[in-house]
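Accompanying notes for the structure given below.
What follows draws every value from the coordinates through simple rules; no lab data is involved. Treat the numbers as computed from the prediction; the structure is a model and nothing was measured. In this analysis, Cβ positions are derived from the backbone assuming ideal geometry, glycine residues included, and neighbour counts consider all displayed protein chains.
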Amino acid sequence: MVTVTLWGSLRDAAEGETEVTVEARNFKELLDALSARYPGLTPQIERGVSLALDGRIYREAWFTEIGPESEVVLMPYMKGG
Amino acid sequence: MNKITREKGQFKVVGTRVKRPDGIDKVTGRAQYGADLVVPGMLTGAILRSPHAHATINSIDTSEALALPGVKAVVTRADFAALDDDEMIDIADNCLARDKVLYHGHAVAGVAAKDAQTARKALKLIKVDYTPLPHVTDVDAAMKPGAPVVQSGRQEENVQPEHSENVTGYCEFGHGDVEAGFAKADHIIERDFKTAAAHQGYIEPHACLASMTNDGKADLWCCTQGQFNVRSLCSAILDMEASQLRVTASEIGGGFGGKTTVFIEPVALALSRKSGRPVKIVMTRDEVFRATGPTVSSSSTVKIGMTKDGRITAAHAKFRYQGGAFPCATYSFGAQAAFAAYDLEAVKSEGWNALTNRPKEAAYRAPGAPMAIYAVESVVDELTQHFGLDPLEVRLKNAARENTKAAYGPTFDQIGLVATLEAAQKHPHYSAPLGENQGRGVSCGFWFNFGGNTCVTMNLNDDGTVGITEGNPDIGGSRASISMMAAEELGIPYSDVRTIIADTSSLGHNDVTDGSRVTFAVGLATIEAARDAIRKMCGRVAKIWGIDEDAVIWEDGYAKPSGPNAGDFEPMSIKEIAAISSNTGGPIAGHYEVNADGAGVSFGVHLADVEVDPETGYTQVIRYTVFQDAGKAVHPDYVEGQMQGGAVQGIGWALNEEYIYGEDGVLQNAGFLDYRVPVASDLPEIDTVILEIPNPGHPYGVRGVGETSIVPPLAALSNAVSRAAGVRLHELPMSPPKILKAITDRG
Amino acid sequence: MKKIHVTTKVNGDEVEFLCPPEETLLDALRDRLGFSGAKEGCGTGDCGACSVTLNGRLVCSCLVLGAEAEGAEISTVEGLAHGGELHPLQQSFIDNAALQCGICTPGILVAAKALLERNPDPSDSEIRYWLAGNLCRCTGYDKIIKAVKIAAAEMRGETA
């Protein structure tokens with residue numbers, strides 16, 4: 001199980017929580033699990049999300065492994081100039 | 001996950017100031033930029049633009065234009081493919097308007113003719129029947145219920161119902177109990193801020209040359225930050241297979257984020273398809289200002305509580321951005337970046353995006369961060385003034401460091417903010433005396449930095465020199481830094497490596513040159529491609545020597561026997577290996593393909609001294625120093641160049657640059673005379689101090705450096721003005737009339 | 001309208017071209033004569049990317065008509081180097097990393113050369129004011145000013 005921190009404005013889509021726990025071993029499984037459990041998150045996930053894993057930002061890497069102790073934070077999909 | 005394989009003191013090439021390989025082409029006028037290519041049979045393209053800020057298009061009649069001798073094709077939005085993805089539709093609609101024109105200068109039709117004069121005449125013969133609609137250009141006005149609606153049905157699900165339909169997105173970040181935090185403060189300051197839209201201001205207007213043949217194959221030459229992105233967008237808009245469209249990036253005359261999308265490229269392709277001839281389109285400066293991306297303008301509210309000894313107890317910010325007529329996510333980057341420099345127990349950062357009748361925002365260096373951090377750093381500074389505390393001490397006291405939970409969520413690993421603040425504190429600039437009407441301002445800055453999709457090929461030439469093929473346009477010396485990293489890893493001289501930028505048919509997909517990603521991600525892929533080639537070279541040598549592959553090591557450009565075989569064979573140089581490669585298995589190349597992760601965030605601190613003329617309100621920057629963490633500066637000259645160039649763009653944004661709209665929704669200053677970017681005589685020397693706190697996500701510790709430097713100048717100058725003139729402005733730019741008014745109002 | 005026949009010298013070589021009366025010298029240089037080193041950044045004389053000298057005078061070629069070049073001597077960035085040898089300004093710009101994207105570089109080199117012909121030993125401030133008509137968006141000007149100073153010293157026979 002991994003604990004995922006959502007950003008504040010996703011709270012309403014996740015039963016008022018900003019920390020949710022799902023079964024996942026990588027980024028892809030995490031997104032699928034989040035979408036399945038909280039359908040309200042699906043529009044944002046489809047728009048694009050990044051994942052901060054132990055402080056580092058991953059933009060789209062599905063198979064990034066997530067350890068049970070990892071700090072996992074969902075972030076909007078990011079772009080730069 | 002520490003990827004660092006080479007530390008300080010172990011570099012031979014990286015960290016030196018070698019000459020860039022494209023230098024001679026660029027000082028002799030030989031380098032070919034977007035507008036410089038000429039091909040036989042070429043037509044000139046031109047774009048018809050909307051005279052209205054907002055209007056319905058009832059009909060477009062192109063018959064008279066087509067009848068003009070010398071006109072070879074006219075295209076409208078109907079010549080683009082049917083699209084189903086919202087983002088793609090927006091990009092296509094921005095290139096040529098569909099049902100409505102959404103801003104003054106919005107493209108409506110394209111013409112290709114035998115020459116520019118004929119093309120211009122033809123534009124006047126296109127009859128567009130418009131019904132003008134009410135317009136809105138200010139962010140606060142656009143958010144109010146009852147505002148003219150720019151586009152319907154674009155609201156994301158979590159936008160509060162009290163806003164107008166123009167509000168497309170809402171986000172909130174942060175942690176802790178903000179109200180409880182404010183209760184612990186000795187003083188709370190809450191202020192409203194406004195920042196104007198600033199244009200990236202690259203000196204080269206957008207330009208392209210498209211050539212499509214009637215078998216559906218096309219070549220496109222253009223100035224862009226990402227040829228692969230241009231291919232993806234254009235092939236979708238023109239309904240082409242990607243393989244049929246080869247995009248070559250010209251030399252690029254500046255981008256800063258503004259050349260990360262398409263404007264004229266699909267129009268040129270459509271005109272070429274229709275006319276059967278190559279078509280070149282070059283924007284005028286007026287078109288660049290009216291119809292390509294400036295950054296967002298913003299309105300924000302920041303509230304921060306502090307104890308009398310300078311500890312921040314809570315912070316709450318609201319950022320309202322407008323990014324023009326199409327939705328964008330820049331507001332969320334601003335809301336996330338706003339408090340990155342602080343270790344806060346309680347913080348809430350909210351953002352909204354609103355549509356307006358302005359050109360579609362394009363990324364601009366650390367998109368969204370400068371205006372948010374300007375507001376935060378202004379309030380922090382006002383609190384230090386309130387308590388009479390030292391501004392750098394207060395920032396150090398509250399500074400984010402390793403294991404700080406960032407306001408945007410994650411926990412920081414090794415970051416350079418404290419080292420950067422300490423360097424600023426110790427620098428002679430910070431203690432230098434100031435004269436009358438002079439003041440010193442401080443601000444922190446931050447950008448996330450990204451990695452992204454990257455592939456690099458390294459080919460070993462038959463004489464033992466090396467070719468690197470990469471896919472990101474060189475905007476500021478990246479050919480040099482990539483060659484340096486290849487030379488470093490291979491243990492060969494820099495002069496033995498030549499790096500070229502591939503067209504889209506010569507390499508796999510590479511993301512655009514954005515997010516300060518090139519030296520980090522392309523560098524990482526280059527190092528890995530070199531390692532791949534080294535493994536192959538060691539394998540060949542192992543066969544020659546008849547020993548195990550893993551008994552051969554690579555050192556300083558030589559394969560050497562190691563372990564029990566150490567000393568048994570004479571080391572083989574890369575040149576010797578190359579010379580016999582046809583005997584040992586054929587050509588040798590290294591490859592690496594990755595969606596790079598592990599980009600390290602970059603912090604900067606700027607010190608600015610200004611003198612404000614109390615008679616005119618004019619602000620002169622008299623001394624400026626940039627401190628920034630580069631992780632590892634691969635080519636220090638070009639790292640300094642990024643720090644200086646970003647700082648000066650920020651200075652322009654703080655003091656002069658702004659999009660000024662009239663009541664009619666028309667941009668009033670669409671030229672370099674009235675949109676005034678800093679010139680040489682406006683500026684002092686920009687001193688630089690590079691800090692190197694290695695990024696664990698890169699083999700050499702490299703962090704992106706391109707963007708952070710534009711962030712601090714906005715607040716650093718505002719904070720300096722407040723100390724020099726005794727008035728604090730809450731609006732940018734701080735043009736002389738505004739400062740003079742503030743001085744007069746104070747009395 | 002009939003085109004105008006123009007005979008002029010560019011970088012010492014006599015050339016001829018035909019151009020419409022309203023065509024700028026910049027367009028004539030770029031499109032008719034193949035001197036694309038001069039760049040159009042604005043077309044209104046504000047950015048200096050199209051700087052050339054006309055009879056020794058520094059001008060924005062976007063503000064000069066092609067027809068005005070009749071009988072004149074024009075120097076462009078392409079004429080700075082002698083054979084394979086770069087002008088000291090060109091070498092200094094490479095050595096001192098005074099360019100990033102390079103689009104403003106031709107105009108700045110032409111302008112800087114015109115400055116050093118008038119004033120072989122300019123101060124920082126004199127260089128900054130002379131180059132105030134040449135916009136650079138990448139560098140913040142710092143390394144450009146240094147590169148001009150170093151080249152000037154070298155041209156005076158001093159080693160920087």
Original post:
Which of the listed residues, B:Pro433, B:Pro587, B:Ala82, is farthest toward the dipole's positive end in the protein assembly as shown, when Lys, Arg count +1 and Asp, Glu count -1 at the beta-carbon?
Top reply: B:Ala82
Subject >> chain C: angle of helix C:105-118 to the longest principal axis, Cα-based, in degrees nearest 10 >> reply: 70 degrees
**OP:** Starting from the exponent 0.38 and prefactor 2.2 Å, build the expected Rg for the protein assembly as shown from its residue count and divide its actual Cα Rg by it.
**Re:** 0.93
**OP:** Fewest Cβ neighbours within 10 Å first, please rank B:Glu382, B:Glu402 accordingly.
**Re:** B:Glu402, B:Glu382
Original post:
HN-Hα J couplings of the stretch B:555-570 from phi, Karplus 6.51/-1.76/1.60, θ = phi - 60°, integer Hz, Gly and Pro as x?
Top reply: 9, 6, x, 10, 8, 10, x, 9, x, x, 8, 3, x, 6, 10, 6
**OP:** Out of all DSSP beta bridges with both ends in the stretch B:139-252, state the antiparallel percent to the nearest 5.
**Re:** 50 percent
**OP:** Hey, could you get me the Stokes-Einstein D for the stretch B:373-446, Kirkwood radius over alpha-carbon pairs, 10 °C and 1.306 mPa s, rounded to whole µm² s⁻¹?
**Re:** 116 µm²/s
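List nothing, just return the count: lysine pairs in the stretch B:269-390, 8 or more apart or interchain, with Cα separation under 22 Å. List each step's numbers first, then the result.
Values: B:Lys303/B:Lys318; B:Lys303/B:Lys348; B:Lys308/B:Lys348; B:Lys318/B:Lys348.
Lysine pairs meeting both conditions in the stretch B:269-390 amount to 4.
Per the Kirkwood definition applied to all pairs of different Cα atoms, how many angstroms is the hydrodynamic radius of the stretch C:4-79? Working shown, then result.
On the way: mean 1/r = 0.0847 Å⁻¹.
One decimal place: 11.8 Å for the Kirkwood radius.
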Original post:
Antiparallel as a % of all DSSP beta bridges within the stretch B:593-691, to the nearest 5?
Top reply: 60 percent
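Please compare each pair in B:Lys536/B:Lys575; B:Lys3/B:Lys575; B:Lys575/B:Lys632; B:Lys114/B:Lys217 to a cut-off of 26 Å on the Cα-Cα distance and tell me which ones are over it. Please report the intermediate quantities before stating the final value.
Values: B:Lys536/B:Lys575 14 Å; B:Lys3/B:Lys575 29 Å; B:Lys575/B:Lys632 29 Å; B:Lys114/B:Lys217 22 Å.
Correct reply: B:Lys3/B:Lys575; B:Lys575/B:Lys632.
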**OP:** Taking just the C-alpha trace of the stretch B:562-640, give me its Rg and Dmax in Å.
**Re:** 26.8, 82
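Listing B:Leu490, B:Leu732 from the residue with the fewest other Cβ atoms within 10 Å to the one with the most, what is the order?
Details: B:Leu490 26, B:Leu732 29.
Result, fewest neighbours first: B:Leu490, B:Leu732.
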**OP:** Quick one: P(r) of chain A from all Cα-Cα pairs, 5 Å bins, percents rounded to integers, in order of increasing distance.
**Re:** 3, 16, 30, 29, 16, 4, 1, 0
Subject >> Packing-based order for C:24-30, B:265-271, B:34-40, using average beta carbon neighbours within 10 Å, highest first >> reply: B:265-271, C:24-30, B:34-40
Original post:
When Lys and Arg each count +1 and Asp and Glu each count -1, what net charge do the other residues less than 12 Å away from B:Glu64, Cβ to Cβ, add up to?
Top reply: +2
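Taking every residue in B:636-646, how many Cβ atoms of other protein chains lie within 10 Å of its Cβ, on average?
Values: counts 1, 6, 4, 1, 5, 9, 4, 2, 7, 10, 2.
Neighbouring Cβ atoms belonging to other protein chains average 5 per residue here.
State the volume of the convex hull built on the alpha-carbon positions of the stretch B:494-589, expressed per residue in Å³ and rounded to an integer.
On the way: hull volume 12.4 nm³, N = 96.
Expressed per residue, the convex hull around the Cα atoms of the stretch B:494-589 is 129 Å³.
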**OP:** Using θ = phi - 60° and the Karplus relation 6.51 cos²θ - 1.76 cosθ + 1.60, list the HN-Hα couplings for the stretch B:444-450 in order, rounded to whole Hz, with x at every Gly or Pro.
**Re:** 8, x, 7, 8, 5, 6, 10
Subject >> Local net charge near B:Pro134, Cβ-Cβ under 14 Å (Lys/Arg +1, Asp/Glu -1) >> reply: -2
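Only Cα pairs under 8 Å and at least 6 apart count here; give the relative contact order of the stretch C:88-155 as a rounded whole percent. Working shown, then result.
On the way: 67 pairs, mean separation 35.6, N = 68.
Worked out over the stretch C:88-155, it gives 52 percent.
With the Cα gyration tensor of the stretch B:462-541 in hand, convert its eigenvalues to equivalent ellipsoid semi-axes via √(5λ) and list them largest first in whole Å.
Details: eigenvalues 96, 36, 28 Å².
Ellipsoid half-lengths, sorted descending, are 22, 13, 12 Å.
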Original post:
Just from the alpha-carbon atoms, what are the Rg and Dmax of the stretch B:312-424 in angstroms?
Top reply: 15.3, 45
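So what is the calculated 222 nm ellipticity per residue for chain C, using -39500 (n - 2.57) for each DSSP H run with n of 4 or more, over all residues, to the nearest 500 deg cm²/dmol? Each step should come with its number before you reach the end.
Numbers: 4 runs with 43 residues, N = 160.
It comes out at -8000 deg cm²/dmol, rounded to the nearest 500.
What Kirkwood Rh does the stretch C:88-155 have if only Cα atoms enter the pairwise 1/r average? Answer in Å.
11.5 Å
So in chain B, what percent of DSSP beta bridges are antiparallel if you round to the nearest 5?
Working: 95 of 125 bridges.
Counting only bridges with both partners in chain B, antiparallel ones make up about 75 percent.
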**OP:** Divide the volume of the convex hull of the Cα atoms of the stretch B:181-292 by its number of residues and quote the answer in cubic angstrom per residue.
**Re:** 154 Å³
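Taking the alpha carbon gyration tensor of chain B, what are the square roots of 5 times its eigenvalues, largest first, to the nearest whole Å? Before the final figure, lay out each step's value.
Values: eigenvalues 351, 296, 95 Å².
Over the Cα atoms of chain B, the ellipsoid semi-axes are 42, 38, 22 Å.
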Original post:
Within chain B, which complete DSSP H helices have Cα atoms spanning at least 20 Å along the helix axis and a mean Kyte-Doolittle hydropathy of 0.0 or higher?
Top reply: B:369-387, B:523-545
Subject >> Unpartnered cysteines - no second Cys beta carbon under 4.7 Å - across chain B >> reply: B:Cys95, B:Cys171, B:Cys223, B:Cys234, B:Cys328, B:Cys444, B:Cys455, B:Cys538
Original post:
How much net charge surrounds B:Asp463 when only the other residues with a Cβ under 14 Å from the Cβ of B:Asp463 are counted, with Lys and Arg +1 and Asp and Glu -1?
Top reply: -1
**OP:** Determine ³J(HN,Hα), in whole Hz, for all residues of the stretch C:35-44 in sequence, where each value follows from phi through the Karplus function 6.51 cos²θ - 1.76 cosθ + 1.60 and θ = phi - 60°; x replaces Gly and Pro.
**Re:** 8, 8, x, 6, 10, 9, x, 9, x, 10
Original post:
Can you give the translational diffusion coefficient of chain C in µm²/s, computed by Stokes-Einstein from the Kirkwood radius over Cα pairs at 25 °C and 0.890 mPa s?
Top reply: 154 µm²/s
Original post:
Roughly how many whole Å is it from the C-alpha centroid of the stretch B:503-550 to that of the stretch B:361-416?
Top reply: 38 Å
Subject >> Rounded Å value of the spacing that divides the Cα centres of the stretch B:567-626 and the stretch B:45-105 >> reply: 42 Å
Subject >> Cα centroid of the stretch C:97-113 to Cα centroid of the stretch B:263-284, whole Å >> reply: 30 Å
Subject >> Long-range amide H partners of B:Gly451 with built H, under 5 Å >> reply: B:Ala599
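Lys pairs in chain C, Cα-Cα under 22 Å, at least 8 apart or on separate chains: how many? Each step should come with its number before you reach the end.
Details: C:Lys9/C:Lys39; C:Lys9/C:Lys113; C:Lys39/C:Lys113; C:Lys39/C:Lys143; C:Lys113/C:Lys143; C:Lys113/C:Lys146; C:Lys113/C:Lys149.
Lysine pairs satisfying the spacing and distance rule in chain C number 7.
Ratio to report: Rg/Rh of the stretch B:31-83, with Cα atoms as the point set and Rh obtained by the Kirkwood method; give two decimals.
Reported Rg/Rh, Kirkwood definition of Rh: 1.04.
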Original post:
Which distance in nm do the two modelled labels at B:Asp177 and B:Glu436 give, with both placed 7 Å along the Cα-to-Cβ direction?
Top reply: 5.4 nm
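Return the inverse of the average 1/r over all pairs of distinct C-alpha atoms in the stretch B:69-219, which is the Kirkwood hydrodynamic radius, in Å to one decimal.
On the way: mean 1/r = 0.0487 Å⁻¹.
It works out to 20.5 Å.
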Subject >> Ranked list, fewest to most other Cβ atoms within 10 Å of each Cβ, for A:Tyr38, B:Tyr408 >> reply: A:Tyr38, B:Tyr408
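Could you check how many percent of all C-alpha pairs in the stretch B:1-133 are farther apart than 17 Å? Write out the running numbers ahead of the final one.
On the way: 6209 of 8778 pairs.
The proportion of pairs with Cα distances above 17 Å equals 71 percent.
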